[in-house]
Amino acid sequence: MIILFLALFGYSIASRLHDAKENQLDIAYKIAQNIASLSELALISNNKEQLHEIIKSALNKDIVSIKITTRDNQTVSVAYTDHNYDSTTLVQQEITQSSIPLRDTITGEILQSHPPRALGKLELEISNNRLHTLQSQIFVVSSFIGGVAFLLGIALAWYISKNLSKPLQEVQQVTRQLARGHLSSRIQTRHSGELGELQKHINKMAESIEEQSNALNRHLSELQIAKADAEQASQAKSLFLATMTHELRTPMNGAIGMLQLLAGTDLNSEQKDYLDIARSSSEHLLEIVNDILDYSKIEKGNLELEQRYFSIDGLIRQIIPTQELEAKRKNIELTYTCASFLRSVDVLGDETRLRQILINLCSNAIKFTHEGKVSIILDGHAVDQQNCELSLSVTDTGIGISEAQKSYIFDSFRQADSSTVRRYGGSGLGLAIVKRLSELMSADLVLNSVLGEGSTFTLSWRCPYQQKDTGLDDTPPPQYALDGLSALVVEDNPINQMLVIRSLKKWGMFAISANNGEEALHALQEHPVDVILMDVQMPIMDGLEASKQIRDQLGLTTPIIGLSANTHQEDQLRCTQAGMDAFLSKPVSLQGLHGKIGQLLALDPK
């Protein structure tokens, strides 16, 4: 503002000084014109005395000299003043003879006049003292007025600053506090006018922000509480599932194990039929338990796929016999078609999870088909030298699925409708698990179905492949000679304990038992054994603590096989960290237990 004021002030003074100079020149030219007019007649008549009188009478204190010359540059008359001046200005004016237009008195016509004729030149020199005095007066007066205006401007600015800066500073301070999160800050001093309106709106804005922040904090608190409740519920659910699967697998281990022992005895055909039904029912119950456990793993994100090469054609051929029994019972034809390309290659993937997908799809197809057939079609082709595209379809001629039911058929614990549950049973987890597993495999699962005509589930995915190793053979698992060996069975469930002991004795082994880890430690001090079969969850002292003390306190290196109904990967890791050498999940396969004992004891197969 000061620079702008100085610029305007300087421009104003310069303009006024210029105007004063121009005014002096204008006056000088007018004086010169008057003297030139008066000198015209005297110059024509060459009356030097008259010229001298004219120019002498025109001299004053501001006119320094007057000089008249003819058109031949001859000086006719010169006049000077007696004063000396430091600064003068020279003005020149031409002296001309002008004709006066005349009118003919008879005809009234204007007679032709002659153009002006130059007679000479007038030089007028004037003093600049008066101009300098006027300019000084202009500068002084203007400076005074400018100084007064400057002081008034400063006073006005101070007044405005005093009345505006403090309120604006309060506004700035409050807004800064709001930006830092102090939402309770308010402008306390109220002013009138537009500034007061601004302060009012800022206070309202602060109140609105504080209310929204409080609401957001309340909502966040509710979300945190809900999150904590959800995590607690999830932990409770996981604990419940772990406990229930353990409690279910423990008696199932005894039931299925006894059925396996019973199958090794002499039975008539009717007893064998009853045994097959009992084993089928037990295995079906085990599948439901496995579905619930697998779904829990998938939901928690704990399920990881294994990656190894296997024969997908061989996998399906292993599954078909387990499904043919139910298909034959319902007089349903079960067919399987495989592309020739897939018979000679192994594909990379999780064999166990693909088996689970196919069993669920095939079991559902047989369950919901009353007549006709169920077709399994495996198709595929090589994309390049390393990857191939696979398509696995399961088609049935069953009851089909309506368009409305397709939207939720893959939801957890859902079937087509309540009548389906009453008529066919099931947990409603099969297709949900198939859907989740297919997503883990990055596979596309497509359903095509017409109500009353049947359904087709198609799984499509891409994976690496390699040619089959022709050196592999399908020899049965080796059998080991366990006669004369001793084992300690640590199991709190009497049925499972009896099952394992009888199996060991059947194999020619000597077995002792303990009901918990504490009893096992005492038994090992009195009776050294060749192998220990250790249940994980037991009262008083569990299998993990018992294994640690066997290794650390007793210093024994006896092989320990962990037996548990918990099949989580972390459970197996804890068993290994506790000192166990192997892990088998319940229900335990007697054939698998026999092979694991032979491997750990490094026995030669029969």
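Quick notes on this structure:
- Top-ranked residue of segment 53-76 - restricted to ones that are outside any loop (DSSP other than H, G, I, E, B) and more than 19 Å from A28 (Cα to Cα), ranked as farthest from the chain's Cα centre (by Cα): E53
- Matching residues in segment 373-388 - criterion: being in a loop (DSSP other than H, G, I, E, B) and either free of Cβ contacts under 8 Å to residues at least 60 places away in the same chain or within 16 Å of F457 (Cβ to Cβ) (or both): D384, Q385
- Scan of segment 570-599 for residues that are within 12 Å of M534 (Cα to Cα), aliphatic (A, V, I, L, M) and modelled with pLDDT under 90, ordered by number: L584
- Cβ-Cβ contacts under 9 Å between residues 6 or more apart (or on different chains), taken from a first residue in segment 219-238 that is in a helix (DSSP H, G or I) to a second residue that is of a type in the set (K, R) and surrounded by 10 or more Cβ atoms within 10 Å (Cβ to Cβ), are listed as S234/K300; S238/K300.
Condition check ((1) within 28 Å of L305 (Cβ to Cβ); (2) crowded, with 19+ Cβ neighbours inside 10 Å; (3) in contact with a strand residue (DSSP E or B) (Cβ under 9 Å, 6 or more places away or on another chain); (4) among the charged types (D, E, K, R)) across all residues:
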{"residue": "E545", "(1), (2), (3), (4)": "no, no, no, yes"}
{"residue": "A565", "(1), (2), (3), (4)": "yes, yes, yes, no"}
{"residue": "C575", "(1), (2), (3), (4)": "yes, yes, yes, no"}
{"residue": "Q591", "(1), (2), (3), (4)": "yes, no, no, no"}
{"residue": "K596", "(1), (2), (3), (4)": "yes, yes, yes, yes"}
{"residue": "Q599", "(1), (2), (3), (4)": "yes, no, yes, no"}
{"residue": "D604", "(1), (2), (3), (4)": "no, no, yes, yes"}
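- Residues satisfying the stated conditions in segment 455-494, i.e. modelled with pLDDT of 90 or more and either under 23 Å from L354 (Cα atoms) or under 43 Å from the mean Cα position of the chain (by Cα) (or both): S455, T456, F457, T458, L459, S460, W461, R462, C463, P464, Y465, Q466
- Tabulated pairs, segment 1-26, first touching a residue at least 24 places away in the same chain (Cβ under 8 Å) and open to solvent by 60 Å² or more (accessible area, probe 1.4 Å), second polar (S, T, N, Q) and not in a helix (DSSP H, G or I), C-beta under 8 angstrom, 6+ apart or interchain: none
- Residue count for segment 50-79 under the criterion of being at pLDDT below 75 and under 16 Å from Q92 (Cα atoms): the result is 3.
- Enumeration of residues in segment 85-117 that are at pLDDT 80 or above and not polar (S, T, N, Q): L90, V91, E94, I95
- Meets criteria (at pLDDT below 80 and among the basic types (K, R)) for K237: yes
- The set of residues in segment 50-96 that are over 24 Å from A118 (Cα atoms), in contact (Cβ under 8 Å) with a residue 60 or more places away in the chain and open to solvent by 40 Å² or more (accessible area, probe 1.4 Å) comprises K61, D62.
The values are calculated or read from the model by the stated rules, or taken from the named source; none is laboratory data. All values derive from a computational prediction rather than experimental measurement. Here Cβ is always computed from backbone atoms with ideal geometry, including for glycine, and neighbour counts include all displayed protein chains. The protein model used for the area step is the full one, side chains on, heavy atoms only, and it has no ligands, DNA or RNA in it. Shrake-Rupley method; radii C 1.70, N 1.55, O 1.52, S 1.80 Å.
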